[in-house]
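This report refers to the structure that appears directly beneath it.
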Amino acid sequence: MSKQENVAAAQPDLPAHGAAVLPSVTVDSYNVEIEDEEGFVGDKASKGAFWELVDKWRKPLKEAGEDPLGDKPSEELGKKKLADLLSKGDPEVAGMVQSAIEDFAQQLASVIRRFLRLKEWRDTECIVVGGGFRGSRIGELAIARAGLILRADNVELDLEMIHNDPDEAGLLGAAHLLPAWMLKGHDGILAVDIGGTNIRAGVVELNLKKSSDLAKAAIVTSELWRHGDEDTNREGAVERLTEMLQELISWSRKNKIELAPVVGIGCPGIIREDGSIDRGGQNLPGNWESTRFNLPRVIREQVPRIGDSETMVVIHNDAVVQGLSELPYVRDRLHWGALTIGTGLGNARYTNREIQKRRSK
């Protein structure tokens, strides 16, 4: 049996921070940083890269004094405004938006080709795309166009959009970090999605009686805090997060939702076994990569109990967690991946353990 098969065959006993072996999948790789002569390849498929392309196509109109968008920076326009211009705007303006979408789709397709050349991404059958950019009509068009580009180049890969709203997917995936026995007898869990501009926390209602594979799991309440709009530091961010968790515990108690004593967290970066962040947290407020800072430990100190039990915290990379929300829809895929287009390009590649076990018999 190969090393990868040995990992896939291993059975996780308890949730572990940044684990390679999860209840349903093996995480083959995540947070891969590929560099070329121009820098990090993933930067070409981020939200920032898209707005740079919008600026590129606005430039000829600006120089001719015909830019209908005025002096407002492209990134402040918003994707909804661009979608309106694409569908209802002047043909020249719509063409400008379409050109930016096409360029971004080409860049995204190129980035995906680069990922597929990695050993850890070999034989990937499907990639689901999430992140804030996917949650817009502009993003959907760019992703769909990238899929067509790859298909035209005979790349055997299905490029699909994540089924759940990206904001909810980052919370729903947290339930898949836990073995089934830990969820039985409970109505929900607390989940947290930490991003470069905001922190979202919510209650995931498991609905296990309706679907044992969490296909019917849903977010019943959530809170959003945009730390990117405030002058805050790490301590302030963690304090606000623990306040959100306490509020959600109170809400659950009032609404008779019995929570499992677990907080599942998705966070940018490489997660060490002790729950600290090795690298990749540079967009978070303050220094989250310090060896003296451990988010799971701080949360357990601030939220020591959920119901009658001691709090358990499990943390993994945010792209890994968001991708896990797609598990009910990729049961027939052996190897699949997830990309999250946001402040950066999150990435994760998985092997479905059940399928691998069946094929190895």
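The values are calculated or read from the model by the stated rules, or taken from the named source; none is laboratory data. Being a predicted model, the structure only gives us computed values, none of them experimental. Heads up, the Cβs are rebuilt from the backbone with ideal geometry, glycines too, and the neighbour counts pull from every protein chain shown.
Structure above, values below:
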item	result
Contacts under 6 angstrom Cβ, first residue in the stretch 280-293 being in the same structural domain as Glu239 (by TED's automatic domain parsing), partner among the aromatic types (Phe, Trp, Tyr), 6 or more apart	Gly281/Trp288
Leu183 vs. criteria at pLDDT 95 or above and among the hydrophobic types (A, V, I, L, M, F, W, C)	no
Any chance His176 is modelled with pLDDT of 95 or more and under 15 Å from Ala217 (Cα atoms)	yes
Hits in the stretch 255-266 - residues which are touching a residue at least 60 places away in the same chain (Cβ under 8 Å) and either within 21 Å of the chain's Cα centre (by Cα) or closer than 16 Å to Val192 by Cβ (or both)	Leu259, Ala260, Val262, Val263, Gly264, Ile265, Gly266
Enumeration of residues in the stretch 334-358 that are modelled with pLDDT of 95 or more and in a loop (DSSP other than H, G, I, E, B)	Leu334
Test: Asp278 is modelled with pLDDT under 95 and either assigned to a helix (DSSP H, G or I) or touching a strand residue (DSSP E or B) at 6+ places or on another chain (Cβ under 6 Å) (or both)	yes
Per-region count, the stretch 230-254, residues touching a residue at least 12 places away in the same chain (Cβ under 8 Å) and either farther than 17 Å from Ala191 by Cα or under 19 Å from the mean Cα position of the chain (by Cα) (or both)	6
Inter-residue pairs, beta-carbon under 8 Å, first outside the structural domain of Ile149 (by TED's automatic domain parsing) and in the stretch 86-108, second of a type outside the set (A, V, I, L, M) and not in a helix (DSSP H, G or I), 6+ apart	none
Odd one out for Asn198 among (1) modelled with pLDDT of 95 or more; (2) in contact with a His (Cβ under 9 Å, 6 or more places away or on another chain)	(1)
Counted residues, the stretch 39-72 - those being touching a helix residue (DSSP H, G or I) at 6+ places or on another chain (Cβ under 7 Å) and assigned to a helix (DSSP H, G or I)	15
Enumeration of residues in the stretch 157-204 that are over 27 Å from Phe133 (Cβ atoms), in a loop (DSSP other than H, G, I, E, B) and not hydrophobic (A, V, I, L, M, F, W, C)	Pro179, Lys184, Gly185, His186, Asp187
